[in-house]
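First comes the structure, then the notes that go with it.
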There are 2 protein chains.
Amino acid sequence: MTTNWPTNKQWILRKRPEGDISAEDLAFIDAPVRDLEDGEVLVRNIYLSLDPTNRIWMSDQDQYMPPVALGEVMRGGTIGVVEASRSSRFQPGDLVNPGLGGWQAYTIGHEDAVNPVPSLPGIPLTAFMSVLGATGLTAYFGLMDIGKPQPGETVVVSAAAGAVGSIVGQIAKLKGCRVIGIAGGPDKCRWLVEELGFDGAIDYKSEDVGAALDRLCPNGIDVNFENVGGKIMDAVFTRMNLNGRMALCGMISTYNKDGLVAGPADFAHTLMKRILIKGFIITDYLPRAGEAFAELAPWVMEGKIKWKAFAVDGLENAAEAVKRLFTGDHDGKLLIRISPEP
Amino acid sequence: MTTNWPTNKQWILRKRPEGDISAEDLAFIDAPVRDLEDGEVLVRNIYLSLDPTNRIWMSDQDQYMPPVALGEVMRGGTIGVVEASRSSRFQPGDLVNPGLGGWQAYTIGHEDAVNPVPSLPGIPLTAFMSVLGATGLTAYFGLMDIGKPQPGETVVVSAAAGAVGSIVGQIAKLKGCRVIGIAGGPDKCRWLVEELGFDGAIDYKSEDVGAALDRLCPNGIDVNFENVGGKIMDAVFTRMNLNGRMALCGMISTYNKDGLVAGPADFAHTLMKRILIKGFIITDYLPRAGEAFAELAPWVMEGKIKWKAFAVDGLENAAEAVKRLFTGDHDGKLLIRISPEP
């Protein structure tokens with residue numbers, strides 16, 4: 001036990017958002033940290049991951065986990081450092097991933113649910129919150145397990161400058177594909193082509209996406225890694241080739257909307273072109289994380305995959321910062337820096 | 001060469017249907033039969049298969065084969081008997097499948113595209129136009145290759161009393177599944193349950209499909225073999241379980257409509273439940289036909305799969321008879337009997 005047992009800071013879900021997330025939906029509170037039981041560790045969280053799926057968890061729509069209950073700590077992935085331990089597996093000072101540590105300064109985790117963060121030479125801790133964390137695994141498994149890209153095929157990624165999309169496109173390039181990204185604004189598009197090596201990028205804010213796809217994908221589209229949904233998805237879908245694959249990772253364009261969001265406007269295309277559509281959630285693939293890590297870690301260490309983290313300082317800013325996911329007003333994986341790295 | 005070289009009768013596509021197929025869309029004409037070249041056989045067609053996909057072929061929508069061109073013989077599968085042969089592989093009197101023989105009395109086929117019709121004890125020729133033809137293969141591969149039903153799972157089939165649907169349901173029962181069919185009218189529903197052994201049937205003409213699914217599928221739906229599309233598909237889709245599979249075989253409810261038909265109304269369900277949607281066309285599976293035949297033929301011979309053919313006499317009646325596919329006014333696989341069996 002530490003002598004200075006800390007007070008916790010937590011973001012609590014107060015009410016379910018209507019449309020965009022509002023400051024009213026969450027409350028920032030002080031809370032005591034209880035004593036540890038056998039097998040538990042106290043983790044001081046360092047980084048909190050902000051992800052589009054946060055908006056889903058805040059709603060009570062039918063979803064892939066239970067919604068965050070009103071009055072509960074907001075759910076989120078963290079990385080932190082062990083401050084106190086009643087587990088023989090962890091010592092104070094160990095860097096760990098306490099699972100879904102939540103939007104809070106301290107997390108108590110059971111040793112069975114806490115994982116050590118590996119140390120790789122020259123790789124910063126933030127990598128394990130992005131390219132070598134759930135973000136990278138999402139990109140890897142959606143593309144490789146569902147998209148099954150073959151050399152020479154055309155892969156289109158939406159939200160391509162996002163944390164997941166930017167990694168998807170780079171993996172597809174490493175696998176020998178032609179890769180086109182759809183992103184918002186000239187800076188992001190330039191980054192995709194000039195820095196990440198995409199074969200083309202479409203600025204959906206200023207271009208006709210369909211016409212641009214016609215120009216940039218003269219042989220049609222074989223794989224769609226879909227993050228956006230709605231009209232952008234439709235523009236891609238109608239151009240998909242025979243036996244095309246859509247890895248449906250998210251539909252961020254729809255999360256802040258009420259009501260149901262329909263599938264592809266031309267669903268007959270699914271039949272005529274024998275397209276495969278598969279929704280996936282990264283949690284399904286966690287038992288296979290080692291497969292992804294084995295390919296991703298060398299690429300990251302060799303600089304073959306580039307990635308960015310955009311860390312906003314201060315847990316107190318999380319409720320404002322999460323909105324950036326929906327406005328695109330951030331650059332790389334969006335994190336909150338809750339406390340300093342050791 | 002025969003001494004009495006016949007005159008052909010053909011249905012020609014005159015114009016593309018608007019909405020329902022109309023008698024004006026097709027013309028019934030006389031045409032000469034040309035001389036055979038080396039390797040060719042002259043087939044007198046006995047049965048013509050009428051299928052929902054006929055309506056797709058008549059349109060110029062983007063589809064899985066080229067549309068039937070205006071002025072061309074209407075496309076369709078046939079079985080017939082060889083009347084004359086310049087192939088060493090076929091003799092007059094042989095029963096053959098000349099591929100897509102077309103809506104005509106005689107078809108000239110090249111030996112490489114003509115297949116013998118096997119002879120099975122006690123099995124009528126019409127079986128090879130239904131349960132042991134493309135219809136049965138469609139049911140088998142859509143269910144087994146995409147649906148991948150596991151014992152104890154719940155399978156829902158739409159257009160369940162149709163030629164394909166009725167076989168799908170029986171295969172699923174043989175594989176140990178709970179099977180619910182959706183069909184139009186009490187007679188069809190009774191047939192599914194009392195004759196074919198379905199666990200339940202829903203009359204979409206008189207019942208609330210969603211409420212009936214809730215009652216009949218208390219554990220949700222694992223596999224949807226989808227023939228109908230639209231609202232019936234939606235009622236099934238929203239009840240699909242985690243890792244559910246939709247084998248998209250057809251969307252007959254939409255074929256006579258203009259404009260695009262959207263995918264599932266609640267597409268987010270694809271993501272939340274990690275559902276797989278896969279369109280398929282039986283032509284893709286023809287190289288694997290032997291797999292299906294090996295399971296289906298014993299079932300048919302042992303009476304474990306029941307099937308019906310509904311043969312309308314006279315090629316001249318084809319253009320009227322094809323409409324029955326869309327009104328449901330037929331019972332079993334819809335055929336035209338063009339000429340008598342030998």
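The values are calculated or read from the model by the stated rules, or taken from the named source; none is laboratory data. As the structure is a prediction and not an experimental result, all values here were calculated from the model. Positions of Cβ are generated from backbone atoms using ideal geometry, with glycine treated the same way; all protein chains shown enter the neighbour counts.
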Out of B:T154, B:T138, sole residue that is touching a Cys at 6+ places or on another chain (Cβ under 7 Å) and either under 16 Å from B:G250 (Cβ atoms) or in the same structural domain as B:V322 (by TED's automatic domain parsing) (or both) | B:T138
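Suppose we keep only residues that are among the β-branched types (V, I, T) and in contact with a strand residue (DSSP E or B) (Cβ under 7 Å, 6 or more places away or on another chain) within segment B:251-296. Which one would you say is farthest from A:G250 (Cα to Cα)? Before you say what the answer is, go through the steps one by one.
Here is the first cut: in segment B:251-296, the residues among the β-branched types (V, I, T) are B:252, B:254, B:261, B:270, B:275, B:277, B:281-283.
Keeping just the survivors that are in contact with a strand residue (DSSP E or B) (Cβ under 7 Å, 6 or more places away or on another chain) gives B:270, B:275, B:277.
Numbers: B:T270: 10, B:I275: 13, B:I277: 16 Å.
Step by step, filter segment B:251-296, then rank; the result is B:I277.
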Scope segment B:51-63; condition crowded, with 19+ Cβ neighbours inside 10 Å and touching a helix residue (DSSP H, G or I) at 6+ places or on another chain (Cβ under 6 Å); matching residues = B:P52
Extreme residue, nearest to the other protein chains (Cβ to nearest Cβ), among residues of segment A:251-282 that are of a type in the set (S, T, N, Q) and surrounded by fewer than 21 Cβ atoms within 10 Å (Cβ to Cβ) = A:T254
Would you check which residues across segment A:75-99 are touching a helix residue (DSSP H, G or I) at 6+ places or on another chain (Cβ under 9 Å) and more than 16 Å from A:G39 (Cα to Cα) and list them?
-> A:R75, A:G76, A:G77, A:T78, A:I79, A:L95
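Step by step: first the residues of segment A:240-250, then only those that are surrounded by fewer than 19 Cβ atoms within 10 Å (Cβ to Cβ) and in contact with a strand residue (DSSP E or B) (Cβ under 8 Å, 6 or more places away or on another chain), then the one that is nearest to the other protein chains (Cβ to nearest Cβ). Which residue is that?
Among them, the one singled out is A:N243.
Show me the strands (runs of 3 or more DSSP E) found entirely inside segment B:1-89 where at least 3 residues are more than 20 Å from B:H110 (Cα to Cα) and free of Cβ contacts under 8 Å to residues at least 40 places away in the same chain.
Correct list: B:26-32.
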Condition set touching a helix residue (DSSP H, G or I) at 6+ places or on another chain (Cβ under 7 Å) and farther than 22 Å from B:P52 by Cβ, scope segment B:296-330, selection surrounded by the fewest Cβ atoms within 10 Å (Cβ to Cβ): answer is B:K304
Can you pull out the residues in segment A:282-313 that are assigned to a loop (DSSP other than H, G, I, E, B) and under 26 Å from A:I338 (Cα atoms)?
-> A:K306, A:W307, A:K308
Does any residue of segment A:294-315 turn out to be more than 30 Å from B:Q61 (Cβ to Cβ) and within 14 Å of another protein chain (Cβ to nearest Cβ)?
-> no
Any chance B:K333 is in contact with a helix residue (DSSP H, G or I) (Cβ under 6 Å, 6 or more places away or on another chain) and at the interface with another protein chain (Cβ under 7 Å from one of its Cβ atoms) | no
Test result for B:M251, over 16 Å from the mean Cα position of the chain (by Cα) and either within 30 Å of B:L120 (Cβ to Cβ) or modelled with pLDDT under 95 (or both) | no
Within segment B:101-118, considering residues that are in contact with a helix residue (DSSP H, G or I) (Cβ under 9 Å, 6 or more places away or on another chain) and assigned to a loop (DSSP other than H, G, I, E, B), the one farthest from B:S49 (Cα to Cα) | B:P118
